[in-house]
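Report on the following structure.
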Amino acid sequence: MSELILHHYDEAPFAEKIRLVFGIKGLAWHSVIVPSAMPKPFLMPLTGGYRRTPVLQIGADIYIDTQLIAAELERRYPQPSIFPDGNAGLGYALGSWANGPYVVTSVAIYMGATDPFAGEVQLPAHFFEDRKKMWMTQFDADQLGPKLPGYRTRLRAHTEFILMQLADGRAFLTGDKPGLADIHAMWDPWFLRRFAPEEAKALYDPYPQLAAWEARLAAVGHGSRTEMDPTRALEIARAAAPAPHDGVDPTDPLNLKAGTPVSISPADYAEVNVTGTLVATTIQTVSIHRHTADVGDVILHFPKIGYDIEPV
Ligand SMILES: N[C@@H](CCC(=O)N[C@@H](CS)C(=O)NCC(=O)O)C(=O)O
């Protein structure tokens, strides 16, 4: 079973990152829609409690976080590359900017904005409460008012990085083809235009070249998408065996042996401890085995950057 199954929802900007990777690579994939807020009863058996979006499933292998999902897709389907200028290290490193200070700034503006939900997005009634809890480690959503000018001025500074890249008239941030750098940078305008349109208008209207770049990126599309029922995804996991792996890197400074029970948790927001048995590490990744009646044996793969790994 090597079908690509993306657990996501249409309104999720992090999922849009991966949908665009599918688009660049022209891949066929299955779409399993998860709720945009907890509870997520069909996702939890696969992820052991990790609730964020998106998650990529390939058989009984579960890939967590867009950084790792993008890298895994690049490994399996190298052409067309998401690094059209050849700068893979820089493209991945940009993720620490995009998924860190840049994204936190935009989400704070959305949570503090006078017009959240003014766009056309469909969200459940408890969405805001759910997100308040989820972002608690980064800001107190009830106290954002006086801080908004600071967030807005910082977002303009982040946005100027995109304008600097486009200043010579190129089509995409690293040249004439789209890549991961564009995907990292697109998150915030994509999100704010949908979730806080008045904020987006105030910030982005002076820059038509930004809107033109967003339109070129959107035209890349999402590859070929087919809907799948969530129960089918669980069946696929149950029927599949996890892919072979190379075990624990003996030089890994983690200094943990295969078979050690470990807990892995996002280090930034939406903290949760996912527990399992350590089976493999690479320089970039850590993989744990879990077994439940719902899905049988699965291996969960996490990136090391942005996640805490502890023996339990
Ligand atoms: N670092 C993670 C962040 C993912 C993330 O925060 N996604 C948002 C949606 S765009 C989320 O999980 N929101 C809560 C949810 O979907 O339950 C990644 O790159 O995958």
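Could you sort Phe22, Phe128 by accessible area so the largest value comes first, with the probe set to 1.4 Å?
In descending accessible area the options line up as Phe128, Phe22.
Give me the accessible area of Val32, 1.4 Å probe, in Å² rounded to the nearest 10.
0
So, counting K/R as plus one and D/E as minus one, what does the shell of residues with Cβ under 10 Å around Arg238 add up to? Numbers along the way, then the final one.
On the way: positive: none; negative: Glu235, Asp294, Asp297.
With Lys, Arg at +1 and Asp, Glu at -1, the net is -3.
Between Lys257 and Ala167, what is the spin-label point distance in nm, taking each point 7 Å from the Cα along the Cα→C-beta axis?
5.7
What 222 nm value per residue comes from the helices of the chain, counting each DSSP H run with n ≥ 4 as -39,500 (n - 2.57) and dividing by all residues, nearest 500 deg cm²/dmol?
Numbers: 11 runs with 120 residues, N = 312.
Mean residue ellipticity, 222 nm, calculated: -11500 deg cm²/dmol.
Quick one: divide the alpha-carbon radius of gyration of region 88-218 by 2.2 N^0.38 Å and tell me what you get.
That works out to 1.07 for region 88-218.
Roll a 1.4 angstrom probe over the protein heavy atoms and tell me the percent of accessible area of region 88-218 that is carbon or sulfur. Write out the running numbers ahead of the final one.
On the way: 3610 of 6220 Å².
Within region 88-218, the accessible surface is 58 percent carbon and sulfur.
Alpha carbon centre of region 1-44 versus region 131-181: separation in Å?
Answer, in whole Å: 23.
Taking 0.36 nm per residue of separation and subtracting the Cα-Cα distance, what length does fully extending Thr153 through Asp205 add?
Taking Thr153 through Asp205 to full extension adds about 17.2 nm, to one decimal.
Using R₀ = 41 Å, calculate the FRET efficiency as 1/(1 + (r/R₀)^6) where r is the Cβ-Cβ separation of Leu90 and Ala125; round to 0.05.
Values: r = 42 Å, r/R0 = 1.02.
That pair, Leu90 with Ala125, gives E of 0.45.
Counting alpha carbon pairs within less than 8 Å and at least 6 residues apart, what relative contact order, in whole percent, applies to the chain?
Numbers: 532 pairs, mean separation 80.5, N = 312.
For the chain, the relative contact order is 26 percent.
Note down the accessible area of Arg238, probe 1.4 Å, to the nearest 10 Å².
Accessible surface of Arg238 is approximately 120 Å².
Using a probe radius of 1.4 Å on heavy atoms only, what accessible surface per residue do you get for region 88-218? Whole Å² is fine.
Details: 6220 Å² over 131 residues.
Heavy-atom SASA per residue in region 88-218 reads 47 Å².
Heavy atoms only, 1.4 Å probe, whole protein assembly: order Arg216, Arg51, Arg19, Arg75 by accessible area, highest first. Spell out each step's value before the answer.
Values: Arg216 85, Arg51 30, Arg19 0, Arg75 155 Å².
Of Arg216, Arg51, Arg19, Arg75, the descending order of accessible area is Arg75, Arg216, Arg51, Arg19.
Count the net charge of all other residues whose Cβ sits under 12 Å from the Cβ of Leu173, scoring Lys and Arg as +1 and Asp and Glu as -1.
Values: positive: Arg170, Lys177, Arg216; negative: Asp85, Asp168, Asp176, Asp182, Glu214.
In short, -2.
Take the Cα radius of gyration of region 1-157 and divide it by 2.2 N^0.38 Å, with N its residue count; two decimals is plenty.
In units of the globular-protein estimate, region 1-157 measures up at 1.13.
What trypsin sites (Lys or Arg not before Pro) in region 121-206 are in a loop by DSSP, with at most 16 other Cβ atoms within 10 Å of the Cβ?
Details: sites: Arg131, Lys132, Lys133, Lys147, Arg152, Arg154, Arg156, Arg170, Arg193, Arg194, Lys201; in loops: Arg170.
Filter output for region 121-206: Arg170.
List the lysines whose Cα lies under 29 Å from the Cα of Lys201, skipping any in the same chain that are fewer than 8 positions away.
Of all the lysines, those that pass the test against Lys201 - Cα under 29 Å, at least 8 places apart if same chain - are Lys17, Lys132, Lys133, Lys147, Lys177.
Can you tell which of Pro178, Leu56, Thr281 lies farthest toward the positive end of the dipole of the chain, using +1 and -1 charges on the Cβ of basic and acidic side chains (Lys, Arg; Asp, Glu)?
Pro178
Can you tell me which aspartates and glutamates have their Cα less than 13 Å from the Cα of Lys25? Leave out same-chain residues fewer than eight positions away.
Glu72, Glu74
Lys304: which aspartates and glutamates have alpha carbons under 12 Å from its alpha carbon, excluding same-chain residues fewer than 8 sequence positions away?
Within the straight-line limit of under 12 Å, Lys304 reaches these aspartates and glutamates: Asp65, Asp252.
Just to compare against my own numbers: the Cα pair-distance distribution for the chain, 20 Å bins, whole % per bin, please.
Bin by bin from 0 Å, the calculated values are 32, 59, 9.
Given a Förster distance of 30 Å, report the FRET efficiency between Asp246 and His291 from their Cβ-Cβ distance, rounded to the nearest 0.05.
On the way: r = 21 Å, r/R0 = 0.70.
The value I calculate is 0.90.
Which residue fluctuates most in the GNM of the chain (Cα springs below 10 Å): Gly259, Gly91, Gly26?
In this elastic network of the chain, the residue with the biggest mean-square fluctuation among Gly259, Gly91, Gly26 is Gly259.
Which value, in Å² rounded to 10, gives the accessible area of Glu160 with a 1.4 Å probe and all protein chains present?
About 100 Å², rounded to the nearest 10.
How high is the relative contact order of region 88-218? Use alpha-carbon pairs under 8 Å, at least six apart in sequence, and give a whole percent. Intermediate results must be reported in sequence, preceding the final value.
Numbers: 111 pairs, mean separation 48.2, N = 131.
Result for region 88-218 is 37 percent.
Would you mind calculating the relative contact order of region 1-151 from Cα pairs under 8 angstrom and at least 6 residues apart, reporting the percent as a whole number? Before the final figure, lay out each step's value.
Details: 149 pairs, mean separation 35.7, N = 151.
For region 1-151, the relative contact order is 24 percent.
If I build a Gaussian network model for the chain, linking alpha-carbon pairs within less than 10 angstrom, which residue out of Ala141, Ala237, Ala215 has the largest mean-square fluctuation?
Of the options given, Ala215 has the highest mean-square fluctuation.
The values are calculated or read from the model by the stated rules, or taken from the named source; none is laboratory data. Here the structure is a predicted model, which is why all the values come from computation and not from measurement. Counting neighbours? That spans all protein chains shown, and the Cβs are built from the backbone with ideal geometry, glycine included. Only protein heavy atoms, including side chains, enter the accessible area calculation; ligands, DNA and RNA are left aside. Shrake-Rupley method; radii C 1.70, N 1.55, O 1.52, S 1.80 Å.
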